[in-house]
Every structure is written in structure tokens, then in C-alpha cells.
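Comments concern the structure below.
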Amino acid sequence: MSVYHDIVLGTSICALAICMVFMVLVLRRYLAELNRARRDERDTQITRNYLQRVAGQKVDVSTNWGRNTRRAAISRILPLLRGGERTRLLQIAELDGVLAETLRKSHGVYRKERIDAIHLLQRFGSEVCIARLRELMARDGNLKVRLEAAFALAANDALPPPRETLRLIRAMERQPTRLDIALLRSTAPLYPEQMILLLDDDLPDRWRVHLIDAIGWSGDMSVIGILEQAASHSNPEIRGAALRASARLGHPGAAQWVVAALVDPVISVRLQAISASVRLGLRSAIPQLSQLTGDPELWVKLRAEQAIEELTPTERNGAIGEVRT
Amino acid sequence: MTLADMIEIATNLIVWLALGCFIVVAARNAIALVQLLVAGWVFLTRVSPGEGASDLWHRYADLTLPISVIAPAYNEELSIVQSTKALLALEYPEHEVIVVNDGSKDDTLGELVRSFDMYETQRTQIAVLQTTRIRGTYRSRRYPNLLVVDKENGRKADAANAGIGFARTPLVCIIDADSIIEPDGLLRAAEPFMYDDNRLVAVGGAIRIANGCTIRGGSLQKIGIAKEMVPRFQIVEYLRAFLMNRVANAHTNTLMLISGAFGLFRRSTLVEMGGYRHDTVGEDLELVVRLHRYMRDNKRDYRISFVPDIVCWTEAPAALRGLDNQRARWQQGALETLQRHRGMIGNPRYGRIGLLAMPQIVLEDVLGPPAELIGYLVLPAAALLGLIDPMMAVAFFFVSVVFGCALSVGTLVLEEQQLRRTPTARDLIRIGIAAVVENFGYRQVNLWYRLSGFRRFFRNDTTWAAVPRMGFGPN
């Protein structure tokens, strides 16, 4: 048999195999469409069943519904419930062993499998789920999985303290991403004191910047002194972060150094100061902002013009009552 | 030289030509098979966007990089208002829409000014990248995030450059005015920037054919499949290009094309590079190739990413008339780009781009089309004349046509398994049939159109004929 025979044979087998897979998928889709009405009816029954159980009614629980089907139904109901009803539904779900499969998959060999399980655990957010998520964040060998577990915990306001979080996501070994910043911000309201203590550690500046930024999200007005110190730091990125955090915190005491930062020699700091002035509604900064409209840096000039426009009360912008002088 | 000598030379020539065509077509398909397998692997191991990450993203919306959506518009008076409304309604924490009226001869500008209550303003242009004159800029009293730039006509590249020059956001999304962006298309495309460590410079997204879909108010209401075969063939082509080729190339960091219908870029990088080139008809390919070149020449660590989710829908030519011009233009653009950046081909200085991606474009766009078309003629003829083993001609048919069917059906498998955006099983069958039928006639006609692109390239033809489109009706 020549090489051409082999090519013809190989191509035919390959084409046949692919076409068969395609036909299987078409058949799967066809059957799914065919059973849609029955499936919808079953889902409605499951939903009704769980809602009745949450309401404390006695219902028949010995139905033959699969765990995955029940889990999907609970996932749909969960966002609709709050407080005690939600807790009760989670307890029922755990009693029914609905999450057993998900918990098993969270120990899976493949990263994708574990991360898919994390997404489900996050949606349920019960104590068992949080415990498993913490375990994954602490012990999983794959950084991506740890990060996903961290995001899931953050969504449930259940992240460990910041020092622990940074260690577990191996923060110091890499460049911070925007999602790392989001993680820090979500930790700040939970552990404001630890965030401040962390600043005393020997941290690389690229992370210190984001810690200071996150402090602004703590909602704790007592941090204003720390931010004031940071606003005069030698590193312009830290000065910029302090301005961002102050603006976020909305503490009127920040006005003095925000206005002072409008004449900072570093462009990025001046830009942050302009944004902070707008955010704090500092109409008293308008004279300094007017001077910045003649700034040699185009971006500073443009943002200053924009800021003046936003801070100047007009008929249209409705900011009259909001700005602070 | 005797007649016998001449016959022998001609015979050898035919045999070598046949062998050459066979090798080129087999190599193209071997690469496509590898891409299909890589794409399959990517989809198999792909982690779908987590709710945890997106929850954080929504909670701290200021962390998302603001985007300017730049929509160049030329003679779009019938649809521009609806398209702009759809762009303004995109889900994204902070985005500005910049419509660039590229010297339309109709009332595109008037429609915008009236419908959005616009007034003339003096917006400063950060960077002047266009070659034509800006006539004016307009802002809306009702939509603070809408800017209209009115300029003299200068084609899409020039209009996009004007828009980039006016953008003030870190990211710019360049689209066609008639592109229909998925409501969360910007969010999906910008997601790689959330995980980015400042290396990412551009992101492309999958584009699908809108023919047959229900479009209202510039938004996609219902996915459908066109009745005509030509758009169905193009659905298969787009699936092959986006789900197989680009997914695999992005995975190996060799993505060479971000479609002009939707592309997300770092504004500062585009400005540094001078934006799109005006002297090519394939500005989207040229831009990405030049982006690779620029970053590597400047020894900058960078990444270009691709989102396999559908971010945008576009109307394709509904008949062969119109498709001919589009395909010839694409071919011409590829040849112009290769000529301009020929120094990168096989050049180890450009790493995997020079050694893998550029030779692949040469194989795909320079050698491939003529080799396949000539092969269809030469191999059967040579077999009939007894110059080659007849099985070689049969194998050529299998390698080009049968294997082509398999690859197309393979991408349908990927689509159904991973994205599942084909409405029904019946529609899947319809596209499946198109995936097979396109190899018997349509594929060859397409090759012919591409050869006319070679002709246009050698003639240095710079004319631009608009691709006729049916439109989505007054709604």
C-alpha cells in the first residue's frame, strides 16, 4: 500500500470520527429539545418542593430527582431568598447531600474541575462551602485555583486576614493584577487594623501602593492619619494611592493635602489630586485647578478643565447641593 | 533540444508542480489539524469566568479600565442612530462612544445631531493620527459619554485614527459602525485586562454572522440562520477562523489578526505606533503584525489575547456578488502586509512570530490559494496522462476536500460543545450540511476570488468598493 493509500485511509477515518462526534452532539441537542417541556415541569416541581420545605410545610422528599438536578434548582432559588429562609434552604441542601458531588469534585485531579466546583461552592456559600473554599485557598497546589477560591471567599466576605491572604496567593512573588487589588479592597472593611499593621512590614512598594489604596475602602475614618503620612511619601505612586484612598473615604480632613498635591511635581500625582478634588467636591480647589489648565502636561490640563466643569454648579449638572466648599 | 527532450521537461515540470501543490495543501491542512487539536485542548481546559472574580469586578468598578468605543461611520444615515444607541447601552462601568463621521455624503451627521441633541464643542485631540481635516466635534446634551467627530472622507483606517486621537481612556475598542456588539461584549473582551500584569496590549473576540438573526434597535434580539447558502458557508468559515485558528494562535502567543469589526487595544500603544496605516486595504492585519514588530523591536514584554466568546455580530455578503470584492480585498491586504513586513518572515529576531506565525501566513495566503486551485487542475490531468500515480490525485481530493469537510465539522463540534449559540438542532444540521457542501464549489470559487486579490496586489489597485449588504431593515 502506497503512502497515498495511507493518506486516503487516514483522512477518511479522521473525517468519519469527527462527523460521528458531531452527529452525537446533534442528537444530544435534539433530545434535549424534545424533553424540554418535561424538564421544565420537573424543575418547577423541584423548586416548589424546596420552597415548601423552606416554608416549613411537610412534603414528600422521597422523589427520584438526581442530585445535580436538585442542585441546579437550588442555585436558581438561592438568589431570591434572604436571611432565615436562605439559611434554611442551605441547611436543607446540605441534609439532602446536594453538594456532595461538588465537594468531591473540589478534590478532583483537573484544575478546571476544581475551579468549577469553587464557583458552585461560592454560589451556595454555606458553612461547609466556606470551610472547603478556605481549605482550597490554603492548600491547593495550583495558584489559579487558590486565587479562584480567594475570589469566592471575597464574594462571601469570608477572606482570611490580609497578611494570610497575601501569603496564600503568593502575592510577593508576582506583579499585582487588578483582581489582587479588588481582593485587598474587599479585605479592608473586614480587617482594618490588620491592614494598618501590615504597612509596618517590609513590603515591596508595588504592593504597599495597593494596600494604601485598599485602606480607603475600609470605611474606618481613623485611618486618615496614616493616609496623611502616605500623602507625603517619597514614592509618587504611594502619594497617588493615598489621594485615591482619601477620596474614597470621603474624610473632609483630606482636603488640605489633596489641594497641596495639585502642585505636586509628578504628573500622575497631580492627576490623582484632580480626581480626588472632584470626588471630595472641593470647590475651594477651583483656583488651583484653574492654574492647572495652563499645565504643560496635556493630560493634567484636560483633566483640570473637566474637573472645573464638574465642580462648577450649572443648571444642568445638578451638583450644586453636593459639592463641599 | 528535441521534441522528446521538451516533452520530458514538460512532464517533469507537471509532476513537480503536482507534487508541490500536494505538499502545500497537505501542509496547510496539517497545520489546521494541529490548530483544531490545540483549540480543542484550550476549550477542554478553559475555566469559564468565575462569579467570584466578576463579583469583585462589579463591586470595584473603578478598577475596570475605561474604554472608548470608536465607530467610524460612512453613509450610515439609516442605521447610525440605532447603532449608536446600542453602543451607549453596552454593559460596562465606564465607556465613551466616539462616532467618527468619515465625510459621509448623506445625512449621517444631521441624524446624530438631531437625535442626540448635540452641540458643537472644542474637544482637544490628544494625538493627530489621521491625514484628513477634522471639521468639528459634537457632544450630546443627553448622553455625556457620546462624542461625534466630523471629518473629511479618508476611509476606515483614517476615521479610526481620528477617533483614537480623540480618545482619553486607557483602552480603545475599534469597531465597524454596523457591528452589533453583544450587550456584555465589552465586559468579556476587557476581562483579560483584570488578570493582566501590564503586558496585555490587545484583545480580539469571536465574531459571528448576523444574517438571518433578528436585529432591533441596533441590538441582537434572536439568533437565526440565513436562508441563503452563501451566508451559511460564511458561518462555517467564521467558526473555523475564530474558534480554531485564532484560539490556537492566541494560545501559542502567535495571534496575527484582530478583526476590524471588533478589537480592543491599549490606546497608548496605538498612539506610539501611529495608529492604523492608511496605505493598505488590510489595515487590521497590518496593525497586529506591526504591533508584534514594534513590541519586539523595542524589546517590550507583551501579550495579545483572544476571547473565544462571541462579542460581536456582523452582516456578511448575502450573495457571491459582494463576496468577490471582500475576499479579493482581504487577499490583497494580506499580500501588502507580507510585503511590508517581509523582513520578519523566518527571522529569529522576531521569535515565534518570525519563525512560525509569518511563515504560516505565507503558506496560507501566498502559496495556499494558487497551489490548491492549480492542484485541482494539474493532479487529475497528470493522473489521466499517466504521469503520476492515480492514487496521488485521489489523495489530493481527500486532503483538500474531505479533510476540509472534517475540519469544518470539527469546529462545529467545538461550537456546540463549548459555546452552544446555534439556536436549534435543526440549525446545527443546516450548518453541518453547509460545512460539507461548501467544499464542493464555494471553496473553489473563493480561491478564485483570492487569486483576483493577487491581481489587484500586482496592479497596486487601491480602489475600495463597498461590500453590498442587505441591512437589517428599518427596525
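So the values come out like this:
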quantity	calculated
Scattering curve values for the protein assembly as shown, log₁₀ I(q)/I(0), Debye with Cα scatterers, q = 0.09, 0.10, 0.11 Å⁻¹	-1.02, -1.22, -1.41
HN-Hα J in Hz across region B:148-165 - Karplus 6.51, -1.76, 1.60, θ = phi - 60°, x for Gly and Pro	10, 10, 9, 9, 6, 5, x, 6, 5, 4, 5, 5, 4, 4, 4, x, 4, x
Global geometry of region B:119-180, whether rounded, prolate or oblate, following the gyration tensor of its Cα atoms and the 1.5 cut on a/c	rounded
Space enclosed by the convex hull of the alpha-carbon atoms of region A:1-101, per residue, Å³	150
Which of B:D150, B:D301, B:D389 has the fewest Cβ neighbours within 10 Å, and the rest in rising order	B:D301, B:D389, B:D150
Set B:K85/B:K151; A:K105/A:K144; B:K156/B:K227 screened for pairs whose C-alpha atoms are more than 19 Å apart	B:K85/B:K151; B:K156/B:K227
Shielding by partners - mean other protein chain Cβ count within 10 Å, residues of A:217-230	0
Computed log₁₀ I(q)/I(0) - Debye formula, equal Cα scatterers, no solvent, chain A, q 0.09, 0.15 Å⁻¹	-0.73, -1.12
Within the protein assembly as shown, percent of DSSP bridges classed antiparallel, to nearest 5	45
Cα-based convex hull volume of region A:148-273 per residue, rounded to whole Å³	97
Protection proxy ranking of B:454-463, A:273-282 - average other beta-carbon atoms within 10 Å, highest first	A:273-282, B:454-463
Once the Cα gyration tensor of region A:90-148 is diagonalised, semi-axes √(5λ) in Å	20, 11, 8
Trypsin sites (Lys or Arg not before Pro) restricted to region B:7-60 and DSSP loop, no more than 16 other C-beta within 10 Å	B:R46
DSSP beta bridge pairing in region B:1-160, given as percent antiparallel to the nearest 5	40
For region B:296-306, 3J(HN,Hα) per residue [Karplus equation, 6.51 cos²θ - 1.76 cosθ + 1.60, θ = phi - 60°, Hz, x = Gly/Pro]	6, 4, 8, 6, 9, 6, 8, 8, 10, 10, 9
Loop sites in region A:108-211: chymotrypsin sites (Phe, Trp or Tyr not before Pro), DSSP, at most 16 other Cβ within 10 Å	A:Y110
Amide H within-cut-off set for B:G205, under 5 Å, with H built and near neighbours excluded	B:S259, B:V307
Shape call, region B:356-475: gyration tensor on alpha carbons, a/c limit 1.5	oblate
Prolate/oblate/rounded label for region B:36-101 (Cα gyration tensor, a/c 1.5)	oblate
Relative contact order (percent, whole number), region A:231-325, Cα cutoff 8 Å, 6+ residue spacing	24
Over chain B: helical MRE at 222 nm, DSSP H runs n ≥ 4 each giving -39500 (n - 2.57), nearest 500	-14500 deg cm²/dmol
Sparse-neighbour loop sites [trypsin sites (Lys or Arg not before Pro); region B:263-328; at most 12 other C-beta within 10 Å; DSSP]	B:K299, B:R300
Sequence-separation-based contact order of chain B, relative, with Cα cut under 8 Å and 6+ spacing, percent	19
All-pairs Cα distance distribution in region A:231-325, expressed in whole percent, bin size 10 Å	19, 52, 26, 3, 0
Kirkwood-Stokes translational diffusion coefficient of region B:177-253, alpha-carbon pairs, 37 °C, 0.692 mPa s, µm²/s	228
Kirkwood Rh in Å, taken over chain B so that all alpha-carbon pairs contribute	23.5
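Each reported figure results from applying straightforward, stated rules to the coordinates on display, with no laboratory input. Keep in mind that this is a model prediction, so the values were computed, not measured. When we count neighbours, we look across all protein chains shown, and the Cβ atoms used for this are built from the backbone with ideal geometry, even at glycine.
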